[in-house]
1. Filter the range 143-174 for residues that are free of Cβ contacts under 8 Å to residues at least 60 places away in the same chain and hydroxyl-bearing (Ser, Thr, Tyr); which is surrounded by the most Cβ atoms within 10 Å (Cβ to Cβ)?
2. Can you tell me which of 87, 83 is farther than 18 Å from residue 6 by Cα, under 11 Å from the mean Cα position of the chain (by Cα) and among the aliphatic types (A, V, I, L, M)?
3. Just one of 84, 58 is in contact with a strand residue (DSSP E or B) (Cβ under 9 Å, 6 or more places away or on another chain) and in contact (Cβ under 8 Å) with a residue 12 or more places away in the chain; which is it?
4. When you go through (1) more than 17 Å from the chain's Cα centre (by Cα); (2) among the small types (Gly, Ala, Ser); (3) modelled with pLDDT of 95 or more one by one for residue 107, which number turns out not to apply?
5. Being at pLDDT 95 or above and either farther than 17 Å from residue 168 by Cα or surrounded by fewer than 20 Cβ atoms within 10 Å (Cβ to Cβ) (or both): is that true of residue 92 here?
6. Do we have any residue at all in the range 29-38 that's exposed (fewer than 15 other Cβ atoms within 10 Å of the Cβ), without any contact (Cβ under 8 Å) to a residue 12 or more places away in the chain and of a type in the set (D, E, K, R)?
7. Anything in the range 122-136 that is in a loop (DSSP other than H, G, I, E, B) and modelled with pLDDT under 90? List them, or say none.
8. How many residues are within 14 Å of the chain's Cα centre (by Cα) and surrounded by 13 or more Cβ atoms within 10 Å (Cβ to Cβ) if we restrict to the range 115-142?
Amino acid sequence: MCIRDSLDVLVNAAGGLPGAQPEGVSPLEAVHAEWQTNLNQNLLGAVLTTTALRDRLAPGSAVISIGSIGAERRGGSYGAAKAALAAWNAALSAELGPHGVTCNVISPGYIEDTNFFHGGLAAERRTALIEETHNKRPGTVADIAETAYFLAGANARHITGQTLHVNGGAYTTR
């Protein structure tokens, strides 16, 4: 087994919507739990992972974090955590850029064939999300993977500190 000393690409893709909220707690405790869970899942996981691996990021490497359209649109605690991810990414880019490391966020809209909604996406909501796009189709996992592949490659070395919206134009409709 060969263990490399350096890391070429780090993709922070953990996160998502939290599961069920705790029962039998006050409304204030429930809000605190929701926000803390979203911050842990959608921000702190990326921050801590990147910090743990930072010394292994070689010149020419890329840090890519998965954000969300929810950071700009009605996202509540989830959106706030994803907005904080974008703000942290901008700071990280300023820190790591002089070392030849790029840092970007991919901000998807609705991506079909994922378990993001935990099986709870109603047909009407799915239709509405697709209708918001300019190209009238859901996003795909391949759309996100291809964007990450591009950002990790040599042709994207001057793109850093950015949030790339991969959502079929849905961001611009509201």
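1. Selected residue: 147.
2. Selected residue: 83, the only one of 87, 83 that is farther than 18 Å from residue 6 by Cα, under 11 Å from the mean Cα position of the chain (by Cα) and among the aliphatic types (A, V, I, L, M).
3. Among 84, 58, only 58 is in contact with a strand residue (DSSP E or B) (Cβ under 9 Å, 6 or more places away or on another chain) and in contact (Cβ under 8 Å) with a residue 12 or more places away in the chain.
4. With respect to (1) more than 17 Å from the chain's Cα centre (by Cα); (2) among the small types (Gly, Ala, Ser); (3) modelled with pLDDT of 95 or more, residue 107 is out only on (1).
5. Yes; evaluated as a whole, the condition is true for this residue.
6. Yes, there is a match, as at least one residue in the range 29-38 is exposed (fewer than 15 other Cβ atoms within 10 Å of the Cβ), without any contact (Cβ under 8 Å) to a residue 12 or more places away in the chain and of a type in the set (D, E, K, R).
7. Residue satisfying the conditions is 122 alone.
8. So the count comes out to 1.
The values are calculated or read from the model by the stated rules, or taken from the named source; none is laboratory data. Please read all numbers here as calculations on a predicted model, not as lab measurements. Here the Cβ is made from the backbone with ideal geometry for all residues, glycine too, and neighbour counts use every protein chain on show.
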